[in-house]
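K.L.:
Mind having a look at this structure? Questions to follow.
The values are calculated or read from the model by the stated rules, or taken from the named source; none is laboratory data. None of the values given here were measured: they were computed from a predicted structure. Reconstructed Cβ throughout: ideal geometry from the backbone, glycine too, with neighbour counts over all protein chains shown.
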Amino acid sequence: MQWLDYRLRDFLLFAPDTYWRLFEQANQAVWPLPLIVPLLLACCLAARRRAGAVPYLVTGLLAAAWAWCGGYFVGRWYAPVNWLATYAVPAFYLQALLLLWFGMFRNGFGGQPVTGARRVVGWTMTAGALLFYPLAALPRGQGVIAGEFAGTAPDPTAIATLGLCLLTRRLTAAACLPIPLLVCAASFLTLRAMESWQAWLLLAAAAATLGVLATNSRVR
């Protein structure tokens, strides 16, 4: 019965303020590098219908983002305050390899564009993760430099990946979904324990991805 007395926040290994400061410190150490991946991805996505090589660039950038995020933020900054994160680093490298395989041998995010709700959800998640997610630092009283940028922070990187996977019809993209979904689940639990409203963004992203894919499979 004693286990029932525990709350989710009782399992936190760090204070919420410590967690949020990690992003500011990690960004400051390499500023303005955190801006580069979101801006490059946004530019590539804007031009993806005009240049044949763009889908390969998108997957290459996304693979680099996962590798950098795992080695730099998770391994160097997050693991010292949460030892469990050490075991997550290989998953980030694996995701980078999956994206490289998907990009090099499966034409990446090219092919026929998707339509309907899948297109809307995919673009909303991708644009939100790349351009707007860093602004979540403002309500906390921090500057944009403390924001979570895709390519440096795990959460927007995972959401952007889910969104991009929804924007392709290729079945092989399904291999790139499990790890981002697990990141969303782990971050949801962490942020809920911290009583942060951002937890619901992770839950919404995962639920929207699974919901759209389930709907499409029934239609087929």
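K.L.:
Give the residue, chosen from Ala153, Ala88, that is within 23 Å of Ala26 (Cα to Cα) and surrounded by 20 or more Cβ atoms within 10 Å (Cβ to Cβ).
P.N.:
Values: Ala88 fails: surrounded by 20 or more Cβ atoms within 10 Å (Cβ to Cβ).
Every option except Ala153 fails the conditions.
K.L.:
Something else about it: Show the residue pairs meeting these rules: Cβ distance below 6 Å; 6+ apart or different chains; first residue within segment 76-97 and of a type in the set (S, T, N, Q); second residue in a helix (DSSP H, G or I).
P.N.:
Partner pairs satisfying both residue conditions: Gln95/Trp66; Gln95/Ile179.
K.L.:
Would you pick out the residues in segment 184-207 that are buried (at least 21 other Cβ atoms within 10 Å of the Cβ), of a type in the set (A, V, I, L, M) and over 18 Å from Leu12 (Cβ atoms)?
P.N.:
Leu201, Ala205, Ala206 - these are the residues of segment 184-207 that are buried (at least 21 other Cβ atoms within 10 Å of the Cβ), of a type in the set (A, V, I, L, M) and over 18 Å from Leu12 (Cβ atoms).
K.L.:
Farther than 25 Å from Leu131 by Cβ, part of a helix (DSSP H, G or I) and modelled with pLDDT under 95, is that true of Leu84? Spell out the reasoning first.
P.N.:
Details: farther than 25 Å from Leu131 by Cβ: yes; part of a helix (DSSP H, G or I): yes; modelled with pLDDT under 95: yes.
Yes; evaluated as a whole, the condition is true for this residue.
K.L.:
Same structure again: Out of Pro113, Pro90, which single residue is more than 21 Å from Ala206 (Cα to Cα) and modelled with pLDDT of 95 or more?
P.N.:
Working: Pro113 fails: modelled with pLDDT of 95 or more.
The conditions single out Pro90.
K.L.:
Please tell me if Ala150 is closer than 18 Å to Ala91 by Cα, touching a strand residue (DSSP E or B) at 6+ places or on another chain (Cβ under 9 Å) and of a type outside the set (Ser, Thr, Tyr). Steps first, please.
P.N.:
Values: closer than 18 Å to Ala91 by Cα: yes; touching a strand residue (DSSP E or B) at 6+ places or on another chain (Cβ under 9 Å): no; of a type outside the set (Ser, Thr, Tyr): yes.
For Ala150, the condition - closer than 18 Å to Ala91 by Cα, touching a strand residue (DSSP E or B) at 6+ places or on another chain (Cβ under 9 Å) and of a type outside the set (Ser, Thr, Tyr) - is not met.
K.L.:
Being more than 30 Å from Gln28 (Cβ to Cβ) and in contact with a helix residue (DSSP H, G or I) (Cβ under 6 Å, 6 or more places away or on another chain), is that true of even one residue in segment 120-137?
P.N.:
Checking segment 120-137: at least one residue is more than 30 Å from Gln28 (Cβ to Cβ) and in contact with a helix residue (DSSP H, G or I) (Cβ under 6 Å, 6 or more places away or on another chain).
K.L.:
Test of understanding: among Ala79, Ala53, which residue is at pLDDT 90 or above and surrounded by fewer than 21 Cβ atoms within 10 Å (Cβ to Cβ)? Outline the logic, then answer.
P.N.:
Working: Ala53 fails: at pLDDT 90 or above.
None of the others qualify; the one that does is Ala79.
A quick yes/no check of all residues on (1) under 25 Å from Leu45 (Cβ atoms); (2) in contact (Cβ under 8 Å) with a residue 12 or more places away in the chain; (3) part of a helix (DSSP H, G or I):
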{"site": "Pro180", "(1), (2), (3)": "yes, yes, yes"}
{"site": "Ala185", "(1), (2), (3)": "no, yes, yes"}
{"site": "Phe188", "(1), (2), (3)": "no, yes, yes"}
{"site": "Glu195", "(1), (2), (3)": "no, yes, no"}
{"site": "Leu201", "(1), (2), (3)": "yes, yes, yes"}
{"site": "Ala204", "(1), (2), (3)": "yes, no, yes"}
{"site": "Ala208", "(1), (2), (3)": "yes, yes, yes"}
{"site": "Leu213", "(1), (2), (3)": "yes, yes, yes"}
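K.L.:
Next question. Of all residues in segment 111-151, count the ones that are within 15 Å of Phe23 (Cβ to Cβ) and aliphatic (A, V, I, L, M). Steps first, please.
P.N.:
Restricting attention to segment 111-151, the residues satisfying the condition of being within 15 Å of Phe23 (Cβ to Cβ) are 129, 133-151.
Within this subset, residues satisfying the condition of being aliphatic (A, V, I, L, M) are 129, 135-138, 144-146, 150.
Matching residues across segment 111-151 total 9.
K.L.:
Would you point out which residue out of Ala175, Ala146, Ala117, Ala129 is crowded, with 24+ Cβ neighbours inside 10 Å and small (Gly, Ala, Ser)?
P.N.:
Ala129
K.L.:
Could you check how many residues of segment 145-162 are out of contact with any Pro (no Cβ under 6 Å at 6 or more places or on another chain) and more than 21 Å from Met104 (Cβ to Cβ)?
P.N.:
Residues flagged as out of contact with any Pro (no Cβ under 6 Å at 6 or more places or on another chain) and more than 21 Å from Met104 (Cβ to Cβ) within segment 145-162 amount to 7.
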